[in-house]
Amino acid sequence: MAVYTDITEDDLRDFLTQYNVGDLTSYKGIAEGVENSNFLLHTTREPLILTLYEKRVEKADLPFFLGLMQHLADRGLSCPLPLPRRDGALLGELSGRPAALISFLEGMWLRKPEAKHCREVGRALAQMHLAGEGFQLTRPNALSLEGWKTLWEKSGDRADEVEAGLEEEIGSELAYLDSSWPRDLPFGVIHADLFQDNVFFLGDQLSGLIDFYFACNDMLAYDVAICLNAWGFEKDGSYNLTKGMALLEGYDAVRPLSRQERDALPVLCRGSALRFFLTRLYDWLTTPEGALVVKKDPLEYLRKLRFHRSIASSVEYGLPAEAV
Ligand SMILES: Nc1ncnc2c1ncn2[C@@H]1O[C@H](COP(=O)(O)OP(=O)(O)OP(=O)(O)O)[C@@H](O)[C@H]1O
Ligand SMILES: N[C@@H](CCO)C(=O)O
């Protein structure tokens with residue numbers, strides 16, 4: 001679920017008078033997603049997505065997210081576009097939340113992606129990294145080392161409620177990452193949350209990327225690590241070498257990874273697994289029972305983190321040996 005903030009039809013109709021989008025014919029809340037409240041609207045002209053930005057999205061960051069979608073779409077990436085209001089603004093307010101109307105992207109996310117889809121995702125990620133060049137606004141990654149430490153300070157003393165021994169294990173992991181985190185790899189705009197539910201396909205054809213609300217400036221290879229975590233594992237927790245290889249090959253064909261980026265992949269995967277473990281752990285411990293949101297399992301990312309600790313070289317992820 002993600003409808004944290006409900007809207008009334010009257011308020012919505014009033015909100016829509018600020019746009020040139022035709023008349024509202026129907027609307028409904030969208031159950032998927034965990035961050036923002038999303039609604040699907042039908043108007044006499046076109047389907048639209050209405051997003052109300054919730055707790056983890058800073059209002060000051062919205063020009064970055066909305067401007068980035070415009071920048072990427074202008075450069076040929078398939079992603080939703082924020083619609084301007086009659087006064088040109090991309091952002092309005094509805095039910096006390098910042099709100100935007102976003103174009104509807106055709107397609108569905110894949111519940112059972114195969115290696116061929118992972119290859120497409122790798123390609124699209126690299127295309128996004130190239131298309132992001134020249135974007136003028138910047139946004140530091142709030143969920144990198146310092147952000148992880150803050151999350152850990154808020155939840156570390158209760159971590160053993162989720163699994164015994166976690167307080168010590170994650171404390172050591174953070175210390176390791178603090179001392180080993182790469183700082184001089186190529187930087188750019190990263191998506192930072194390119195999970196399966198944020199990539200749409202029409203049949204086997206990738207139709208576009210959505211949900212740029214964690215996008216920020218960080219190491220491009222960190223985004224590859226996020227994708228490898230999200231797409232390279234099976235539900236039973238095992239790493240699927242064929243899928244990982246396809247994703248990496250797809251990326252590398254569009255934006256070749258440097259030797260330094262390849263060498264850093266294991267540590268970047270550890271950091272990325274820790275990032276999602278920590279946000280999930282925090283949500284797990286703080287979301288009240290009965291809230292209308294499906295809590296995501298932090299232990300899934302703990303298992304991935306442990307897997308990455310066993311990796312000695314990026315060849316083990318499926319990068320062709322001769323190219324490493
Ligand atoms: N532009 C769009 N076109 C079509 N459907 C969309 C669009 N944007 C969002 N959706 C629908 O809304 C759902 C939730 O959107 P989104 O992933 O942006 O929400 P979120 O709360 O930010 O989620 P997440 O948990 O991935 O951070 C998507 O799975 C999709 O069904
Ligand atoms: N993709 C995130 C949730 C949304 O940011 C996760 O799976 O934990």
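Values computed for the structure shown
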{"item": "The stretch 140-183: mean projected area of Cα convex hull, nm²", "result": "3.2 nm²"}
{"item": "Cα-centred dipole magnitude for the chain, charges only on beta-carbon of K, R (+1) and D, E (-1), debye, nearest 20", "result": "560 debye"}
{"item": "In sequence order, calculated HN-Hα J values of the stretch 178-195 (Karplus, 6.51, -1.76, 1.60; Hz; x Gly/Pro)", "result": "4, 8, 10, 5, x, 10, 10, 8, x, 9, x, 7, 10, 6, 6, 7, 7, 7"}
{"item": "0 to 90° range, to nearest 10: angle between helix 241-254 axis and the chain longest Cα axis", "result": "70 degrees"}
{"item": "Selection of trypsin sites (Lys or Arg not before Pro), the stretch 212-313, meeting DSSP coil and at most 12 other Cβ within 10 Å", "result": "K235"}
{"item": "Proximal lysines to K154, defined as alpha-carbon separation beneath 20 angstrom and excluding residues fewer than eight positions away on the same chain", "result": "K55, K295, K296"}
{"item": "Potential extension, E153-D87 segment - 0.36 nm per residue separation minus Cα distance", "result": "19.4 nm"}
{"item": "Size of electric dipole in the stretch 9-103: Cβ of Lys, Arg +1 and of Asp, Glu -1, about Cα centre, debye, nearest 20", "result": "180 debye"}
{"item": "Label-zone membership for the stretch 148-163, site L299, 7 angstrom Cα→C-beta point, backbone N under 11 Å", "result": "162-163"}
{"item": "Dmax and Rg, reported as Rg then Dmax, of the chain (C-alpha, Å)", "result": "19.9, 63"}
{"item": "Anchor K28: aspartates and glutamates whose Cα lies under 16 Å away (excluding residues fewer than 8 positions away in-chain)", "result": "D6, E9, D10, D11, E46"}
{"item": "The chain - percent relative contact order, Cα under 8 Å, separation 6 or more", "result": "17 percent"}
{"item": "Residues with amide H under 5 Å from that of L81, placed H, sequence gap 5 or more", "result": "S103"}
{"item": "FRET efficiency, D6 to Q196 (Cβ-Cβ, R0 25 Å, nearest 0.05)", "result": "0.35"}
{"item": "Stokes-Einstein D for the stretch 9-103, Kirkwood Rh over Cα pairs, 4 °C, 1.567 mPa s (µm²/s)", "result": "94 µm²/s"}
{"item": "Neighbour-count ranking [beta-carbon atoms within 10 angstrom, fewest first] of M128, M69, M245", "result": "M245, M69, M128"}
{"item": "Convex hull of Cα atoms in the stretch 139-284, direction-averaged projection (nm²)", "result": "9.5 nm²"}
{"item": "Amide H partners (placed H, <5 Å) of G208, local residues excluded", "result": "F200"}
{"item": "Potential lengthening between E46 and L241 on full extension [0.36 nm per residue; Cα-Cα distance subtracted]", "result": "66.1 nm"}
{"item": "Overall Cα dimensions of the stretch 182-223 - principal axes, largest extent first, Å", "result": "39, 19, 13"}
{"item": "Alpha carbon centroid spacing (whole Å) that separates the stretch 101-123 from the stretch 127-160", "result": "23 Å"}
{"item": "³J(HN,Hα), Karplus 6.51/-1.76/1.60, whole Hz, each residue of the stretch 62-74, x for Gly, Pro", "result": "4, x, 5, 5, 6, x, 5, 4, 5, 4, 5, 5, 4"}
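Every number in this text was worked out from the coordinates using simple rules, so none of it is lab data. Computed from a predicted model, the values in this text were never measured in an experiment. Counting neighbours? That spans all protein chains shown, and the Cβs are built from the backbone with ideal geometry, glycine included.
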